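The structure appears below as structure tokens.
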Amino acid sequence: MFKFKSHTPTTSNIAKLLKDPRIEFAFQKLELLSETLMQEHIRICQIPAPTFSESQRAKYFYQRFSELGLLDNKIDLAGNVTACWPSPASNYVCLSAHLDTVFPDTTNCQVRKTGNRYFAPGISDNAAGLVGLLAIAKILVEVNLVPQVPFLFAATVGEEGIGDLKGVKYLFQESEYKNSIQYFVSFDGPGIERITYRALGSKRYKITFTGSGGHSWGDFGIVNPIHALGRAISKMANYQTPQHPASAYNVGIIEGGSSINTIAEQACMQVDLRSVSASELSKLENHFLSSVKQALIEENLASKYSDSQLELQIEVIGERPSGELSSTSHLLQTAITTTRTFGVTPYLDCSSTDANIPISLGLEAITLGAGGNCGGCHTLSEWYEETDRAKSLKRTLLLLLALAHR
Ligand SMILES: [Zn+2]
């Protein structure tokens, strides 16, 4: 059970910030931004940004960071867009949001409105987070709020799917900022209660079965890569995941075959394994790998011809480390206090986000929602509703300033 320390130095720090007339002014301005932010939100959502093809959206962010008046704007070697406020330094409080979506660039991302809801693939995950990033930057510059520890803004690439947290890995392992981010806060999707402080670990595999292929009638009895895949998936689906620690598996993509009456030469699948516990993840991984190897043995044994045997290729295509931010950490305590300041009860969460990397490196990092409600995330019927956006942005601004005015 998580215990909240009620009298941390954080509380008085936040009370002091709330009395600052410039912060009060910044909050008033955020309240009035609804229309502007919604237009920005729609614009961002309609720029396609599939994982590994985020450059068009990245260029837009580079331009917006410049227009807003942030400094030291750049697109790094990974494709992340970064900028500072007020000026480059040796230590930063970083606010980030991922640029990429799970949708291919052929997807229609035109936003349509029905009632209070805006519908479009990616409208919530993560156009909502990205517009939050710009809103915080805009307010800081317009009100000329100068934090003691400068802010680093980062629009990252490769957060989704097989992007495997590419952008944030570069930021913390190779970029010029790798040793200077003191606190990392990531906006991912809508919401206000959620504080992700535990990093959900995952392992992703591509499995390929290869055989000679042949005619469905004339060559019946030779090994069949698609049948082997079926055997493996069936064994996999029998795995009973525990309720605690929460774990999950998913065969997300299957490919193979060329016609209904051809025995395929090749079949492959991409599989996602997740658990909040590193040891449970490794149990799940062992079950998965033995299912695949057992399927290979069974399919080869079923072959009528000794020279017809399948080959198996196992590739790791993603690995996200797990970890947990200490419940007494300054960042988590400050996030809880600022959330409660706005009358919201925080919900402490475990998820796979850009914060996985700094958390796994022992740094202080969390992921927050950027306000609003959502549904159908990662589907073509994804929607967003603007409820409480201003409140969530005010909470995050207060949090960042409190972290910077330690
Ligand atoms: Zn996301």
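The values are calculated or read from the model by the stated rules, or taken from the named source; none is laboratory data. As the structure is a prediction and not an experimental result, all values here were calculated from the model. For neighbour counting, all protein chains shown are included, and Cβ atoms are generated from backbone atoms with ideal geometry for every residue, glycine included.
For the range 56-71, name all the residues that are under 21 Å from Gly167 (Cβ atoms) and surrounded by 15 or more Cβ atoms within 10 Å (Cβ to Cβ).
Result: Arg57, Ala58, Tyr60, Phe61, Tyr62, Arg64, Phe65, Leu68, Leu70.
Among the candidates Lys203, Lys169, Lys138, Lys178, which residue alone is in contact with a helix residue (DSSP H, G or I) (Cβ under 8 Å, 6 or more places away or on another chain), away from the ligand (no atom under 14 Å from the Cβ) and part of a loop (DSSP other than H, G, I, E, B)? If you could, list the steps in order and put the result at the bottom.
On the way: Lys203 fails: part of a loop (DSSP other than H, G, I, E, B); Lys169 fails: part of a loop (DSSP other than H, G, I, E, B); Lys138 fails: part of a loop (DSSP other than H, G, I, E, B).
One residue alone meets the criteria, Lys178.
Report the residue count in the range 306-329 for those that are of a type outside the set (Gly, Ala, Ser) and more than 22 Å from Glu280 (Cα to Cα).
The qualifying residues number 7.
With respect to Ala355, is the statement that it is in contact with a helix residue (DSSP H, G or I) (Cβ under 7 Å, 6 or more places away or on another chain) and either within 16 Å of the ligand (Cβ to nearest atom) or touching a residue at least 60 places away in the same chain (Cβ under 8 Å) (or both) true?
no
Filter the range 369-383 down to the residues that are within 13 Å of the ligand (Cβ to nearest atom) and touching a strand residue (DSSP E or B) at 6+ places or on another chain (Cβ under 6 Å) and list them by number.
Gly369, Ala370, Cys374, listed by residue number.
Only one of these conditions is not met by Leu77: (1) among the hydrophobic types (A, V, I, L, M, F, W, C); (2) surrounded by 17 or more Cβ atoms within 10 Å (Cβ to Cβ); (3) out of contact with any helix residue (DSSP H, G or I) (no Cβ under 6 Å at 6 or more places or on another chain). Which number is it?
(2)
Scan the range 318-329 and tell me whether some residue there is in contact (Cβ under 8 Å) with a residue 12 or more places away in the chain, surrounded by 15 or more Cβ atoms within 10 Å (Cβ to Cβ), within 16 Å of the ligand (Cβ to nearest atom) and not in a loop (DSSP other than H, G, I, E, B).
yes
Does Ile317 satisfy being within 28 Å of Ile253 (Cβ to Cβ) and of a type in the set (Val, Ile, Thr)?
Judged against the criteria, Ile317 is a match.
Which residues, taken from the range 190-218, are under 30 Å from Ser96 (Cβ atoms), among the hydroxyl-bearing types (Ser, Thr, Tyr) and modelled with pLDDT of 95 or more?
Thr196, Tyr197, Tyr205
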